[in-house]
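The values are calculated or read from the model by the stated rules, or taken from the named source; none is laboratory data. Nothing here was measured: the structure is a model prediction, and the numbers come from that model. In this analysis, Cβ positions are derived from the backbone assuming ideal geometry, glycine residues included, and neighbour counts consider all displayed protein chains.
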Amino acid sequence: MSSPAVSQPDVGVVVVAAGAGVRAGPGEPKQFRPILGVPMVLRALRAFTGHPEVRHVIVALPPEYARRPPEWLATLRGERLAFVPGGAQRFDSVRAGLEALPAEVTIVLVHDAARPFVSRGTIDAVIARARAGVGAVAGVPNSDTLKEIGQGAPRLTPRITRTVDRERIWRAQTPQGFPRQMLGDAYRQLRAEPAKTANGAAPPPADDAEVCERAGFPVELIPDSPYNFKITTADDFRIAEALARELR
């Protein structure tokens with residue numbers, strides 16, 4: 001599904017690339033590691049910098065890299081692309097990117113740099129729903145059997161407490177898209193009135209959809225491809241290399 005053409009690009013994108021990526025093993029930050037010779041964050045960026053509706057892209061990087069990015073990344077900085085220092089948590093990085101977008105941006109997409117295989121069709125569908133006034137999250141239906149373990153269960157041999165009904169379970173991916181006003185209001189509410197649970201303060205929101213959910217805004221799921229998976233471990237990089245060979 002393609003989103004309608006607009007006279008002037010009005011979509012801003014925040015690419016989250018500020019994590020340490022420790023589960024990927026030692027070495028440089030995982031977002032800078034190559035997949036078939038192309039740094040992962042660059043693969044993720046290309047899908048958005050080449051999109052006709054995208055006006056500006058903000059990349060949230062670890063603070064030291066935001067100040068001095070790798071040369072191959074620094075050369076991309078310009079009128080349509082800028083860097084900001086990321087925060088201690090994901091939502092801090094997104095908030096910093098949101099504040100850095102120009103005023104002309106009315107639709108905001110948030111994307112993980114660790115998802116380098118996002119498709120144009122998914123981006124178009126997310127933009128279209130955000131233009132309709134709702135939050136939109138790329139996702140795939142869960143196909144695995146889900147098991148819940150007891151609180152404080154041992155890490156190596158946890159005991160199962162129940163099997164979770166998977167029929168209504170989806171795995172959230174990115175991009176996630178929102179009217180800018182909606183996302184801005186949700187973040188302001190998160191800062192001013194932290195959500196509460198029966199046990200006290202709720203944990204930090206896992207993604208931007210949850211920020212909007214907590215604020216009471218409608219969020220929809222957009223069916224996506226499992227190819228748009230998140231690269232987390234060294235094994236994931238091996239899968240990504242194989243996928244990149246297939247897709248090139």
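Taking only segment 166-207 into account, find how many residues are acidic (Asp, Glu) and at pLDDT 95 or above. Walk me through it before giving the result.
Residues of segment 166-207 acidic (Asp, Glu): 167, 185, 193, 207.
From the residues that got through so far, the ones that are at pLDDT 95 or above too are 185, 207.
Final tally of qualifying residues: 2.
Picking from ALA96, ALA125, ALA88, which residue would you name as being surrounded by fewer than 22 Cβ atoms within 10 Å (Cβ to Cβ), farther than 14 Å from PRO175 by Cα, among the small types (Gly, Ala, Ser) and at pLDDT 95 or above? I'd like the intermediate steps shown before the answer.
Working: ALA125 fails: farther than 14 Å from PRO175 by Cα; ALA88 fails: at pLDDT 95 or above.
Answer to the selection: ALA96.
Pairs needed: first member in segment 222-248, in contact (Cβ under 8 Å) with a residue 60 or more places away in the chain and small (Gly, Ala, Ser); second member anywhere, exposed (fewer than 13 other Cβ atoms within 10 Å of the Cβ) and outside any helix (DSSP H, G or I); C-beta distance under 9 Å; at least 6 residues apart or different chains.
Cβ pairs passing all conditions: ALA234/GLY25.
Would you check which residues across segment 10-36 are in a loop (DSSP other than H, G, I, E, B), at pLDDT 95 or above and among the hydrophobic types (A, V, I, L, M, F, W, C) and list them?
ALA17, LEU36
Hey, any hits in segment 70-79 for a residue that's buried (at least 18 other Cβ atoms within 10 Å of the Cβ), modelled with pLDDT of 95 or more and more than 18 Å from ALA100 (Cα to Cα)?
The answer is yes, given that some residue of segment 70-79 is buried (at least 18 other Cβ atoms within 10 Å of the Cβ), modelled with pLDDT of 95 or more and more than 18 Å from ALA100 (Cα to Cα).
Could you give every pair whose Cβ atoms fall below 9 Å, whose first residue belongs to segment 78-92 and is over 11 Å from ARG67 (Cα atoms), and whose second residue is basic (Lys, Arg) and outside any loop (DSSP other than H, G, I, E, B), counting only separations of at least 6 or pairs across chains?
Cβ pairs passing all conditions: ARG80/ARG55; GLY87/ARG95.
Right, VAL118: part of a loop (DSSP other than H, G, I, E, B), of a type in the set (A, V, I, L, M, F, W, C) and within 26 Å of PRO85 (Cβ to Cβ) or not? Steps first, please.
On the way: part of a loop (DSSP other than H, G, I, E, B): yes; of a type in the set (A, V, I, L, M, F, W, C): yes; within 26 Å of PRO85 (Cβ to Cβ): yes.
Spelling it out, VAL118 is indeed part of a loop (DSSP other than H, G, I, E, B), of a type in the set (A, V, I, L, M, F, W, C) and within 26 Å of PRO85 (Cβ to Cβ).
Would you check if there is a residue in segment 47-57 being buried (at least 19 other Cβ atoms within 10 Å of the Cβ), within 13 Å of GLY19 (Cβ to Cβ) and among the β-branched types (Val, Ile, Thr)?
No, every residue in segment 47-57 fails to be buried (at least 19 other Cβ atoms within 10 Å of the Cβ), within 13 Å of GLY19 (Cβ to Cβ) and among the β-branched types (Val, Ile, Thr).
Between GLU220, GLU241, GLU210, which is in a strand (DSSP E or B) and modelled with pLDDT of 95 or more? Break it down stepwise before answering.
Numbers: GLU241 fails: in a strand (DSSP E or B); GLU210 fails: in a strand (DSSP E or B).
The conditions single out GLU220.
Can you give me the number of residues within segment 134-179 that are within 30 Å of ALA44 (Cα to Cα) and either in contact with a Gly (Cβ under 9 Å, 6 or more places away or on another chain) or surrounded by 11 or more Cβ atoms within 10 Å (Cβ to Cβ) (or both)?
Of the residues in that region, 22 qualify.
Looking at the structure I just gave you, is VAL140 closer than 26 Å to ARG191 by Cβ, part of a strand (DSSP E or B) and at pLDDT 95 or above? Steps first, answer last, please.
Values: closer than 26 Å to ARG191 by Cβ: no; part of a strand (DSSP E or B): yes; at pLDDT 95 or above: yes.
For VAL140, the condition - closer than 26 Å to ARG191 by Cβ, part of a strand (DSSP E or B) and at pLDDT 95 or above - is not met.
Being in contact (Cβ under 8 Å) with a residue 60 or more places away in the chain, within 17 Å of the chain's Cα centre (by Cα) and over 27 Å from ARG168 (Cβ atoms) is the filter here, so list the residues in segment 99-122 that pass it. If you could, list the steps in order and put the result at the bottom.
Residues of segment 99-122 in contact (Cβ under 8 Å) with a residue 60 or more places away in the chain: 101-102, 104-122.
Of the ones still in play, those that are also within 17 Å of the chain's Cα centre (by Cα) are 101, 107-122.
Within segment 99-122, LEU101, ILE107, VAL108, ALA113, PRO116, ARG120 meet the criteria.
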